[in-house]
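Structure, as structure tokens:
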Amino acid sequence: MTNTSAQREFFLDSIRAWLMLLGIPFHISLIYSSHQWHVNSVAPSAWLTLFNDFIHAFRMQVFFVISGYFSYMLFLRYPLKRWWKVRVERVGIPMLTAIPLLTLPQFLMLQHVKGVKGTAGNWHSLSWYEKYNTLVWDLISHLWFLLVLIILTTLGLVLFKTFNQQKEKPQSDFFARLTLGKLSFIFLLLGVLYAALRRTIFMIYPPLLSDGLFNFAFMQTVFYLPFFLLGALAFKHEKIKAMFTTPSLGCAIAAAIAFGAYLLNQRFGNGDAWLYETESVITMLMGLWMVNVVFALGHRLLNFKSSRVTYFVNASLFIYLVHHPLTLFFGAYITPHIASNTLGFITGLIFVIGIALILYELHLRVTLLRFLFSGKPQNKAVSLTSAANE
């Protein structure tokens, strides 16, 4: 274990938790946005569409940078095989738990919701492949990032080992000379390469891009791999971390411009005419610049220990896992009875967060559930307070 990891990174813990919890307003606002989802309000809201777009444009890129940071930190702490086992258990067990307990009931519920969008509502008319693909999309659902983390962790067995083998090299090399401008150019190239990959697949065999497993396991992994590795490099090289925790007006302005370009592409782009390819370039760059914005703000405002913050850090994964079916239930059965989109959005937040917190407290009292939703071994004699602080 290195000296850098000796001090708890409170601001990164907090940012990771709040990025995960942002999934709640993201999905509730999706109901009231102009984007088509399983359930939508009668008329979309302009401000909730804008709010939804903003969260979607950067949240997961920053999340995977933090994931890479902590993954590499633990890589230096554990033997190789134990590191992989611990990391995969922490994300794989909750994912496998959530499929039968959360996303399967969610899928069955959607089949009985009148007017639901997507293939879940016309199950009996689907071919065998369409049923398989529908199950992949709907059962993995909002758990996709856990699958991607498992794959990235497995890739880390090789990539992180390579990082370690380079530790004897002098620091006056590439990483010591790295700047935000150079990183922006690198991520621009990565965005273009990803866009070229997607367009090539689209030209050769378009149906592959609609395959759920291919989308989650390959396309999403390829897109977020640079952010995951960037997080690992930020832990290994203090200069890179300092670049992100130091406020940059240029990054803030560039992120604002990128978001404007993202909105224009969403409004005027066409799916068959480079909309998704253009979006990948924009979000690759915006994600990088927002790492600086979010890290700098978090380092200034959230770098402290607090029992309340610790509570939500520990609760964030469970709340995220259960919020999705609660949100769809709200959208299907409660949204139609609320005329105001803004009131519906606020009501949805109270409904989903309130029930999710109650479920979180209940699950803390069952040793098996604590294990299944955390992937951590549980001591039966442990108190509820210590269980919440694991």
- [ ] Identify which of Leu76, Leu285, Leu19 has the largest mean-square fluctuation in a Gaussian network model of the chain, with springs joining Cα atoms closer than 10 Å.
- [x] Leu76
Task: Förster radius 22 Å - calculated FRET efficiency between Gln111 and Leu213 (Cβ-Cβ, nearest 0.05) - done: 0.55
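Of the listed pairs Lys81/Lys305; Lys85/Lys305; Lys85/Lys236; Lys85/Lys131; Lys81/Lys236; Lys182/Lys236, which have alpha-carbon separations greater than 24 Å here? Spell out each step's value before the answer.
On the way: Lys81/Lys305 32 Å; Lys85/Lys305 29 Å; Lys85/Lys236 22 Å; Lys85/Lys131 32 Å; Lys81/Lys236 20 Å; Lys182/Lys236 18 Å.
Long pairs (Cα-Cα over 24 Å): Lys81/Lys305; Lys85/Lys305; Lys85/Lys131.
About the Cα centre, and with charges only on the beta carbon of Lys, Arg (+1) and Asp, Glu (-1), how big is the dipole of the chain? Nearest 20 debye, please.
Working: 30 positive and 15 negative charges, 233 e Å.
Dipole of the chain, to the nearest 20 debye: 1120 debye.
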TODO: With r as the distance between the Cβ atoms of Asp272 and Leu50 and R0 = 35 Å, compute the FRET efficiency 1/(1 + (r/R0)^6) and round to 0.05.
DONE: 0.90
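Give, as a single signed number, the net charge of other residues whose beta carbon lies under 15 Å from the beta carbon of Val294, with Lys and Arg counted +1 and Asp and Glu -1.
+2
Apply the membrane-span-like helix rule to the chain: whole DSSP H runs, Cα extent along the own long axis of at least 15 Å, mean Kyte-Doolittle hydropathy at least 0.5. List the helices found.
Numbers: long enough: 10-21 (16 Å, 1.29); 46-75 (44 Å, 1.05); 80-98 (27 Å, -0.05); 128-140 (18 Å, -0.25); 144-165 (31 Å, 1.73); 180-204 (36 Å, 1.67); 220-236 (24 Å, 1.34); 249-268 (29 Å, 1.28); 275-301 (36 Å, 1.01); 307-333 (36 Å, 0.88); 341-364 (34 Å, 1.78).
Flagged H segments are 10-21, 46-75, 144-165, 180-204, 220-236, 249-268, 275-301, 307-333, 341-364.
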Task: Choice from Pro94, Pro336, Pro207 with maximal GNM fluctuation in the chain (Cα, 10 Å cutoff) - done: Pro207
Task: Gain in span if fully extended, Leu178 to Val158, counting 0.36 nm per residue against the direct Cα distance - done: 4.9 nm
Open item on the list: Using alpha carbons only, how many angstrom separate the centre of the stretch 68-105 from the centre of the stretch 239-282?
Closed with: 30
TODO: Considering only Phe218, Phe329, Phe75, give the residue with the highest GNM mean-square fluctuation for the chain, with springs between Cα atoms whenever their separation is below 10 Å.
DONE: Phe218
TODO: With all protein chains present, calculate the accessible area of Lys161 using a 1.4 Å probe and round the result to the nearest 10 Å².
DONE: 110
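The values are calculated or read from the model by the stated rules, or taken from the named source; none is laboratory data. Everything numeric in this text was worked out from a predicted model, so none of it was measured. Every residue, glycine as well, gets a Cβ built from its backbone with ideal geometry; the counts of neighbours run over all protein chains shown. The protein model used for the area step is the full one, side chains on, heavy atoms only, and it has no ligands, DNA or RNA in it. Shrake-Rupley method; radii C 1.70, N 1.55, O 1.52, S 1.80 Å.
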